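K.L.:
What follows is a structure written as structure tokens; I'll ask about it next.
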Amino acid sequence: MLTCEAKVESAVEAMKRGACDDLSKPFPLAELEERCLKAAKWGALRRENLRWKGLAARTQSAPTLIGDSPEMRQVYRLIERVGPTDAPVLIQGETGTGKEFTARAIQRASRRIDQPFVTVNCAALPE
């Protein structure tokens, strides 16, 4: 963040919104260049961190679906098709049929693999 006023409040607010540094006028051009390079390195490290988190999430042991029946093979094909999309998915089934495992498999096949997986028991919600 570049500013013409050196106010602590604005610097704190900028940091909360994602700024990695602040610089007030007047400043030497070399200082600006140094801080821009630092910000670029910070951004590259952050992207690399997210890639590693995604890789770790994909490789860590998670509950998996099992079965080789024609119905389960169809479920696997559907997971492969919907995982990479942003389409909402409704998973229905009786208690104990693996709806949550299926949802986790879809998330592992998606671009959201590095995002938190949150389960909601809709039956437990009051009207």
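Just so it is clear, none of the values below were taken in a lab; they were calculated from the coordinates. Just so you know, these numbers come straight off a predicted model, no measurement behind them. Neighbour counts run over all protein chains shown; Cβ positions are idealised from the backbone, glycine included.
K.L.:
Roughly how large, in nm² to one decimal, is the mean projection of the convex hull of the alpha-carbon atoms in region 70-124? Mind dumping the intermediate values first?
P.N.:
Details: hull surface 16.5 nm².
So the Cα hull casts an average projection of 4.1 nm².
K.L.:
What number, in nm² with one decimal, is the all-direction average of the projected area of the convex hull of the alpha-carbon atoms of region 1-116? Present the calculation step by step, with values, prior to reporting the outcome.
P.N.:
Numbers: hull surface 43.2 nm².
So the mean shadow area of the Cα hull is 10.8 nm².
K.L.:
In region 1-101, which GluC sites (Glu not before Pro) are in a loop and have at most 15 other Cβ atoms within 10 Å, using DSSP for the loop call?
P.N.:
Qualifying residues, ordered by number: Glu5, Glu94.
K.L.:
As I understand it, the dipole of region 2-59 uses +1 on the Cβ of Lys and Arg and -1 on the Cβ of Asp and Glu, about the Cα centre. Which of Pro26, Leu45, Ala14 lies farthest toward its positive end?
P.N.:
Highest projection toward the positive end goes to Leu45.
K.L.:
Have a look at Gly83, Gly18, Gly43 and tell me which one the Gaussian network model of the chain (Cα, springs below 10 Å) gives the largest fluctuation.
P.N.:
Of Gly83, Gly18, Gly43, the Gaussian network model singles out Gly18 as fluctuating most.
K.L.:
To the nearest 20 debye, what charge dipole does region 2-59 have about its Cα centre, counting +1 at the Cβ of each Lys and Arg and -1 at the Cβ of each Asp and Glu? Walk me through the numbers on the way to the answer.
P.N.:
Working: 12 positive and 9 negative charges, 110 e Å.
Roughly 520 debye for region 2-59.
K.L.:
While we're here: Report ³J(HN,Hα) in whole Hz for each residue of region 86-93, in order, from the Karplus equation J = 6.51 cos²θ - 1.76 cosθ + 1.60 where θ = phi - 60°; Gly and Pro get x.
P.N.:
Per-residue couplings from phi come out as 9, 6, x, 10, 9, 10, 10, x Hz.
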